[in-house]
1. Is it the case that some residue within region 10-23 is polar (S, T, N, Q), in a strand (DSSP E or B), under 16 Å from Leu106 (Cβ atoms) and within 17 Å of the chain's Cα centre (by Cα)?
2. Please go through region 74-127 and give me each residue that is within 12 Å of the chain's Cα centre (by Cα) and in a strand (DSSP E or B), ordered by number.
3. For region 42-88, what are the residues that are under 15 Å from Arg165 (Cα atoms) and either free of Cβ contacts under 8 Å to residues at least 12 places away in the same chain or among the charged types (D, E, K, R) (or both)?
4. For region 41-73, give me each residue that is in a helix (DSSP H, G or I) and within 16 Å of the chain's Cα centre (by Cα).
5. Within region 26-36, is even one residue outside any loop (DSSP other than H, G, I, E, B), of a type in the set (S, T, N, Q) and surrounded by 21 or more Cβ atoms within 10 Å (Cβ to Cβ)?
Amino acid sequence: MRTITIIVPTLNEAENIDLLLTRLFNVRRSSQLDFDVLFVDSASTDGTCERVLDWQKREPVRLLQHDVNVGLAGAVIAGARYTDSTYVLVMDADLSHPPEIIPQLLQPLLDGTHDMVIGSRYVAGGSLPDWPFLRRLCSRIATLPALLFCEVKDPLAGFFAVERRRLAELSDFIPGFKIGLALLAEYGKELRVTEIPIEFRDRDYGKSKMNYWVAFEYLKQLYNLACKRMACFYRKISA
């Protein structure tokens, strides 16, 4: 059993696979961290899986392939249940999340001081160098309602490390992209969380998955969390 698995959900990311894996395995060699990389693919049609399978011949790379788009949250949970590593680190395939910061994200878990470590855009030292002011402002506004359910600076971050079991135990019916928020809301104050600053960059290759449907799914996730919070409140006052 490995200690660490890097989970990378993919949908049509063929142009980024070689670049990402080259950087990941440079980190693995320089840090001497023992991790493998698990791609969870949601029915890519651009050769993403073929690129991954080619790497599988020479590095510790695995592929969990779906015939339909299971969504980012569904892909990450499926990956957590597929592997048996103690810890998992979730990151995007488009290189917006810098692989070189992985040792810093994992160290608090390995030291036993924290249960979840977030690669954060919004703590001191974090940055969004490619984003214009209006986009940064919209991102901040979108973050505000998520803060009702947790106490971190960047609850919508998709770059984080956590104990595998916590992801594997989440519901299969989490909508949208914000799996990190789902973790934070599910475990609440029992989860010891810290944030590490990252430089978040826009993709150079491939097409962004951000669209109106993703925004709708995020609103749906917020609604579900609010309903769950209210149900818990009513149970307490009626007990």
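Read-outs: derived from the displayed coordinates by stated rules, not from any lab. Everything numeric here is computed off the predicted structure, so don't read it as measured data. Cβ atoms come from the backbone with ideal geometry, glycine included; neighbour counts cover every protein chain shown.
1. The first filter runs over region 10-23 and keeps only residues polar (S, T, N, Q), leaving 10, 12, 16, 22.
Those left that are additionally in a strand (DSSP E or B): 10.
Going one step further and asking which of them are under 16 Å from Leu106 (Cβ atoms), we end up with none.
No, region 10-23 has no match at all.
2. The answer is Val88, Leu89, Val90, Met116, Val117, Ile118, Gly119, Ser120.
3. Arg81, Asp84
4. Within region 41-73, the first condition is being in a helix (DSSP H, G or I), and the residues that meet it are 48-56, 71-73.
Gly71, Leu72, Ala73, listed by residue number.
5. Of all residues in region 26-36, those outside any loop (DSSP other than H, G, I, E, B) come to 26-31, 35-36.
From what's left, of a type in the set (S, T, N, Q): 26, 30-31.
Now narrow it down to the ones that are surrounded by 21 or more Cβ atoms within 10 Å (Cβ to Cβ): none.
So far as region 26-36 goes, no, none of its residues is outside any loop (DSSP other than H, G, I, E, B), of a type in the set (S, T, N, Q) and surrounded by 21 or more Cβ atoms within 10 Å (Cβ to Cβ).
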